[in-house]
Every structure is written in C-alpha cells, then in structure tokens.
Amino acid sequence: MNEVRVESTTLRALAYDGGRGILQLEFCTRAVYHYYGVPAAVYEALLGAPSKGSYFNRVIRGRYPYALCASTQTGLAGEG
C-alpha cells in the first residue's frame with residue numbers, strides 16, 4: 001500500500017490495497033484503521049472529496065468491517 005497524505009482536519013493519510021479491498025486510514029489522532037471490502041471507487045471518491053471527514057462519515061463509517069491496526073506512536077510509517 002502506498003501512503004497518500006491528505007489535507008483534512010479528520011484524516012492524515014490514506015492507503016489502499018486494491019487486490020484485497022483494504023482501505024487504510026490514518027486519522028489526525030495517529031490511530032490507523034483498516035477497513036475491509038472497500039471498493040476502489042470509494043477510495044477514489046475519498047481522495048477527490050472536498051471534505052475527507054464528511055465523506056468518511058457519510059460513506060465509510062459504519063458500512064465496512066474494520067480493525068484498529070496502530071495508534072498514537074506508529075502511524076502508517078510504522079506499518080510493515
């Protein structure tokens with residue numbers, strides 16, 4: 001997954017694994033979550049959304065299974 005930094009008050013960075021449908025989100029709190037079964041179109045729309053946080057809350061939050069992968073000290077750079 002390649003990390004993409006974003007301008008947002010909610011999200012810090014995004015990454016996507018199209019082969020597995022995994023969307024990785026790093027929030028401004030440094031918590032990193034994986035969302036499973038996310039279509040590429042949702043990732044692309046998130047990248048292009050004028051408000052990343054609003055798009056996340058409207059389209060992703062509560063609609064895809066997820067897991068906390070890292071918090072505060074690791075972030076995306078710490079993922080292996």
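Kindly provide the set of residues from segment 37-69 that are in contact with a Leu (Cβ under 8 Å, 6 or more places away or on another chain) and more than 15 Å from residue 8 (Cβ to Cβ), ordered by number.
Our first condition is that a residue be in contact with a Leu (Cβ under 8 Å, 6 or more places away or on another chain); within segment 37-69, this holds for 38, 42-43, 46-47, 52-53, 55-56, 59-60, 64.
Scanning segment 37-69 gives 38, 42, 64.
Could you list, in sequence order, all residues of segment 2-14 that are farther than 19 Å from residue 58 by Cα and within 11 Å of the chain's Cα centre (by Cα)?
Step one: filter segment 2-14 for residues farther than 19 Å from residue 58 by Cα, giving 2-5.
Passing the criteria: 3, 4, 5.
Consider segment 12-31. How many of its residues are touching a helix residue (DSSP H, G or I) at 6+ places or on another chain (Cβ under 6 Å) and crowded, with 21+ Cβ neighbours inside 10 Å?
Keep residues of segment 12-31 that are touching a helix residue (DSSP H, G or I) at 6+ places or on another chain (Cβ under 6 Å), which gives 13, 16, 18, 23, 26.
Retained after the next criterion (residues that are crowded, with 21+ Cβ neighbours inside 10 Å): 16, 23, 26.
Residues meeting the conditions: 3.
The rows are residues; the columns are (1) in a helix (DSSP H, G or I); (2) under 13 Å from the mean Cα position of the chain (by Cα); (3) at pLDDT 95 or above.
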{"residue": "35", "(1), (2), (3)": "no, yes, yes"}
{"residue": "53", "(1), (2), (3)": "yes, yes, yes"}
{"residue": "58", "(1), (2), (3)": "yes, no, yes"}
{"residue": "73", "(1), (2), (3)": "no, no, no"}
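Which of the residues belonging to segment 15-33 are in a strand (DSSP E or B), under 17 Å from residue 71 (Cβ atoms) and either free of Cβ contacts under 8 Å to residues at least 40 places away in the same chain or not hydrophobic (A, V, I, L, M, F, W, C) (or both)?
Of everything in segment 15-33, those that are in a strand (DSSP E or B), under 17 Å from residue 71 (Cβ atoms) and either free of Cβ contacts under 8 Å to residues at least 40 places away in the same chain or not hydrophobic (A, V, I, L, M, F, W, C) (or both) turn out to be 24, 25, 26, 27, 33.
The values are calculated or read from the model by the stated rules, or taken from the named source; none is laboratory data. Remember, predicted model here, so these are calculated numbers, not experimental data. Please note: Cβ atoms are built from the backbone with ideal geometry, for glycine as well, and neighbour counts cover all protein chains shown.
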